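What follows draws every value from the coordinates through simple rules; no lab data is involved. Because the structure is a prediction, the values reported are computed rather than measured. Cβ: placed from backbone, ideal geometry, glycine included. Neighbour counts: every protein chain shown.
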Amino acid sequence: MDKADNRNRVDDVETRLRALLLQGMAGDDAAYRQFLQATAAHLRAFLRRRLSGWPDEVEDLVQESLLAIHNQRATYDADAPLTAWMVAIAKYKLIDWLRRHARQGALNDPLDDENELFSTADGDARDARRDLRKLLELLPEQQRAAIFHTKVDGWSVKETAAALKMSEASVKVAVHRGLKALAAKLRKE
Amino acid sequence: MNTDDLITLLANGDARPPAIPTRRILALLAVGILVSFALMALLLGVRNNLLQVFALPAFWMKFLFVLALACIGWRLTARLSLPGRRSAAIAALLAAPLAIIWSIAALSLLQADPLERGELFWGSTWRVCPFLIAGLSLPIFIAVLRAMRELAPTRLRLAGATAGLTAGATAAAVYCLHCPEMAAPFVGFWYVLGMLIPTAVGALIGPRVLRW
């Protein structure tokens, strides 16, 4: 492929993702979902290239990076390139993961042929090894309830606030803190 | 949970992000600087001839030198607190105040009587100066690190070092109100050494304390 072509393709992705993210952060949930889906696909390709020795870990890291991007979305400055912001977060999470696993000695495990054969990373399987839902269950009650009601049961912030006897602002804070606490749990695994 | 479920979880509800706690961050930094100032005023004391000192160009040379480093440090800190922002061009600016103070220092040493050169470099407080600057930087350093933890630095060693340098340079500006030294060779070495102590500490602890 031509270099200029590639450049254009990157620009197109940047423009499209940036528009979706900005719409999402303005309150358009459908746009935000599309942003996360497209981002997940890009992250998967990015991480698969860099974790070729550990194909089964790719999806864990895709999820960890997605959660980080979501948790830090307020730090995206609309005047700066989105790609650079996302790549910086993905690289950071990758390096953090590599350090963690180097400490645990997990990276010394020989990957035998059996592991290679039954690796799930090929094709489009998107199951991670680690189950985020189980970790969500471990959050403090208020954060857990705020996340499950607004995000799984589909309640509005208002309904959740009434059910939990909290203000709407506290519900939003509880959701945000809960997802940050979830990211912290991933780090400590 | 597979990734599509995670996406559903994240996208449901309200995607409008909570605002960055700018007020909290500014308050943290203000408290850090005030504590540093109070420590200087209470433990070391403001120079009693401050008004006369304000009339001396040498004071302003010293003060502008540390202020320039502090301003560049704060810009750099802000950049390194957010993912994917370029920082190399701002970091390169740090060379300018250093080049200027070292040029002035070299000139003043060349022009001085050989017997006075030692005095220009050692002054009378070289033993304590770097440690006092490092000590005064501590409250600012803690405030900058805590502020960074509200944001999302991705190059933790560099971010930690920058937090240390910024705290060191800001503390040096506070220390100027106490310090009796004004010779460029003194400032160009002992002040810089004082700022480098928190910088090195920051590089050391950054990867651990700034993780998110």
For a footprinting-style exposure proxy, rank B:R211, A:R133 by other Cβ within 10 Å, fewest first. A:R133, B:R211
Checking rank on A:31-38, B:167-174, A:138-145, with mean other Cβ inside 10 Å and highest first, the result is B:167-174, A:31-38, A:138-145
Sequence gap at least 6, Cα distance under 8 Å: using those rules, report the relative contact order of the stretch A:131-189 to the nearest whole percent. 38 percent
How big is the gap, in Å, between the Cα center of the stretch A:1-47 and the Cα center of the stretch A:146-189? 27 Å
State the extension gain, in nm to one decimal, for the chain segment bounded by A:A45 and A:A162, taking 0.36 nm per residue of separation less the distance between their alpha-carbons. 37.9 nm
Given the rule -39500 (n - 2.57) for each run of at least 4 DSSP H residues, summed and divided by the residues of the protein assembly as shown, what is its mean residue ellipticity at 222 nm, to the nearest 500 deg cm²/dmol? -22000 deg cm²/dmol
Relative contact order (percent, whole number), chain A, Cα cutoff 8 Å, 6+ residue spacing: 19 percent
Neighbour counts of other C-beta atoms within 10 Å: give me A:K185, A:K151 arranged from fewest to most. A:K185, A:K151
Can you sort A:T39, B:T162 by how many other beta carbons sit within 10 Å, fewest first? A:T39, B:T162
What whole number of Å gives the distance from the Cα centroid of the stretch B:68-125 to the Cα centroid of the stretch B:1-59? 23 Å
How far is it, in nm, from the label point at B:A106 to the one at B:C71 when both lie 7 Å from their Cα along the line to the Cβ? 2.5 nm
Here are some pairs, A:K134/A:K158; A:K165/A:K185; A:K134/A:K180; which of them have Cα atoms lying more than 24 Å apart in this structure? A:K134/A:K158; A:K165/A:K185
Calculated from backbone phi, Karplus (6.51, -1.76, 1.60) coupling profile of the stretch B:188-196 in Hz, x at Gly/Pro: x, 10, 6, 4, 4, 4, x, 6, 6
For A:L135 and A:A80, compute 0.36 nm times the residue count separating them, minus their Cα-Cα distance, and round to one decimal in nm. 16.4 nm
Among B:49-61, A:71-83, how do they line up from the highest to the lowest mean number of other beta-carbon atoms within 10 Å? A:71-83, B:49-61
In peptide B:152-163, what is the residue-averaged number of other protein chain Cβ atoms found within 10 Å of each Cβ? 3
Quick calc: nm separation of the 7 Å Cα→Cβ label points for A:R7 and B:R86 -> 1.5 nm
